[in-house]
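I have placed the structure first, in the form of structure tokens, so that the comments after it can refer back to it.
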Amino acid sequence: MKAITIPVLVSLLSFVHCATAAPVAYTSQAAYLQALSDLGMSYVHEGFENDAVWGSNRSTVNGGFNTSSAVTNLGVTWSSNVSGGGVTTSEGPALSGNWAFYSYPHGSYTNPPPGVDCWEPGACGDGFIGTASTGMFYGIGGWIKTNTPYAELGLFLGGYPNNPIDFGETCDGDGENCVSNSLLGTAHAFFGVIDTDGFTQFEFRDLEGKLDEYKLLFADDFYIAASVTAVPVPAAVWLFGSGLVALLGIRRRK
């Protein structure tokens, strides 16, 4: 049997490097969690209830707004998508438990970055960023709502406007009267994404608000899969890697 040549081996290694999967969007928590399970990925739940972490960032009618520039918990550093803004929690928009999460101030309408036009939808939109405190994210999903309907939610892997996630639309039986699945009302809606290639940052941002019509976002109950939650390499990659090991062990026979 002939030994495998270096060019063939390089080609195989290149195939492994380039065989990437596109992100998959979810608007069902059940489907998202099932997909994580099918991939063998574990996850953590962030409900913003841990007083040891979030207790100094509680905003109430009597206590006023209490914010931090960033809060790190369960492998995620949460921050505002506004330079100089903060993050906080309050009771009103909670889905479960007592507290929900949001950025304050909401968007950069009153203090836009240089050159930004807040009359352009999305340019100054309310939102928040999650950054991996170590390792990589493989899945992020949570519940979002607005109290200023309707808002158009955007999710970006990295930061706005890069790598947007398409949540599709729902149409009637004739394929008409379509409504974007990312359109937000006053009820909580689930939005998630899984990317087995991994990513280190995500941003949720309203894409509807303008200077004369602010849109506000609130969030709760996130389910996060990351390398810090011991996410294994998908089985197919392990099998292919095992094949490479076998090929490397081939020797020329006399």
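The values are calculated or read from the model by the stated rules, or taken from the named source; none is laboratory data. Quantities reported herein were computed from a predicted structural model and do not represent experimental measurements. Counting neighbours? That spans all protein chains shown, and the Cβs are built from the backbone with ideal geometry, glycine included. We work out accessible area using only protein heavy atoms, side chains counted, and drop any ligands, DNA or RNA first. Shrake-Rupley method; radii C 1.70, N 1.55, O 1.52, S 1.80 Å.
Please give the residues of segment 187-210, grouped as numeric ranges, whose backbone N is less than 13 Å from a label point set 7 Å along the Cα-to-Cβ vector of THR27.
Backbone N within reach: 189-192.
Let me make sure I get this right: for segment 50-148, a, b and c are the square roots of the gyration tensor eigenvalues over alpha carbons, sorted descending. Under 1.5 in a/c it's rounded, otherwise prolate if a/b > b/c, else oblate. Which is it? Intermediate results must be reported in sequence, preceding the final value.
Working: a/c = 1.65, a/b = 1.23, b/c = 1.35.
Note, shape of segment 50-148 comes out oblate.
Full-extension gain between PHE65 and GLU213, please, as 0.36 nm times their residue separation minus the C-alpha to C-alpha distance.
On the way: separation 148, 0.36 × 148 = 53.28 nm, distance 2.23 nm.
Once the chain is fully extended between PHE65 and GLU213, it gains 51.1 nm.
What nm value, rounded to one decimal, do you get for the distance between LEU74 and GLU49 when each label is placed 7 Å out toward the C-beta?
Result: 1.1 nm between the two label points.
Could you please report the charge total around PHE48, scoring K, R as +1 and D, E as -1 over all other residues with beta-carbon less than 9 angstrom from its beta-carbon?
Values: positive: none; negative: GLU46, GLU49, ASP220, ASP221.
Net charge around PHE48: -4.
Per residue, how many Å² of accessible area does segment 116-217 show with a 1.4 Å probe? Mind showing how you got there, number by number?
Working: 4330 Å² over 102 residues.
Ligands and nucleic acids excluded, the figure is 42 Å² per residue.
Can you compute the modelled spin-label distance between SER42 and THR20, with each label point 7 Å from Cα toward Cβ, in nm?
Here the modelled spin labels are 2.8 nm apart.
For segment 143-202, rounded, prolate or oblate, judged on the Cα gyration tensor with a ≥ b ≥ c (square roots of eigenvalues), a/c < 1.5 rounded, else prolate if a/b > b/c? Let's see the in-between values first.
On the way: a/c = 2.33, a/b = 1.46, b/c = 1.60.
Since a/c reaches 1.5 but b/c is at least a/b, the shape of segment 143-202 is classed as oblate.
For VAL179 and THR200 in one chain, what is 0.36 nm times their gap in residues minus the Cα-Cα distance, to one decimal in nm?
Details: separation 21, 0.36 × 21 = 7.56 nm, distance 3.05 nm.
Gain on extension, VAL179 to THR200, equals 4.5 nm.
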